[in-house]
1. Quick one: how many residues across region 66-91 are under 20 Å from L28 (Cα atoms) and under 17 Å from the mean Cα position of the chain (by Cα)?
2. Give region 21-57 a look and list any residue that's hydroxyl-bearing (S, T, Y) and over 16 Å from the mean Cα position of the chain (by Cα), or say none.
3. Hand me the list of helices (runs of 4 or more DSSP H) wholly inside region 1-92 holding 3 or more residues that are open to solvent by less than 40 Å² (accessible area, probe 1.4 Å) and touching a helix residue (DSSP H, G or I) at 6+ places or on another chain (Cβ under 7 Å).
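The values are calculated or read from the model by the stated rules, or taken from the named source; none is laboratory data. Model, not experiment: these values are computed from the prediction. Note that we place each Cβ from the backbone using ideal geometry, even for glycine, and neighbour counts take in every protein chain shown. Side chains included, ligands, DNA and RNA excluded: accessible areas come from the protein's heavy atoms. Shrake-Rupley method; radii C 1.70, N 1.55, O 1.52, S 1.80 Å.
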Amino acid sequence: MKGRLSTLALAGLGVVGFLLMGLPLPFLFGPLAACLLAAFSGFKLAGFGQISVAARTILGIAVGASITPALFTSLTTMAASVLAVPVFVLLIGLLGVPFF
C-alpha cells in the first residue's frame, strides 16, 4: 500500500509540475513524465492492478472515438507526419523491445 501511495503522490507532483509550467495535457503527461523520471532514477513504482487496466481501456476508447470521417479528409494536410509514423514505430520497436 505504501508503494502505491508514493506512486500516486509522485503522479500528483507531475500534474502540478505540468500545470505550473503551462504544458499541454498535464493530467496525462505530468504523471507519465514524473513516473518515468522516478523509474529511471531507481524508484520502485507500484501499479494499481485492475484500475490500471480500466484506465487504459477508457483511454483506448477515447483515442478510437477521435477517429472520424473528418480525420480522413484532413490526412493530406498531415502527409509528412503520417508518412513518418511507420519509421517511428520501427525505431520504437528496435530500441524498446531490447530495453524492456
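1. 1
2. Scanning region 21-57 gives a single hit, S41.
3. Passing ranges, in order: 2-21, 26-40.
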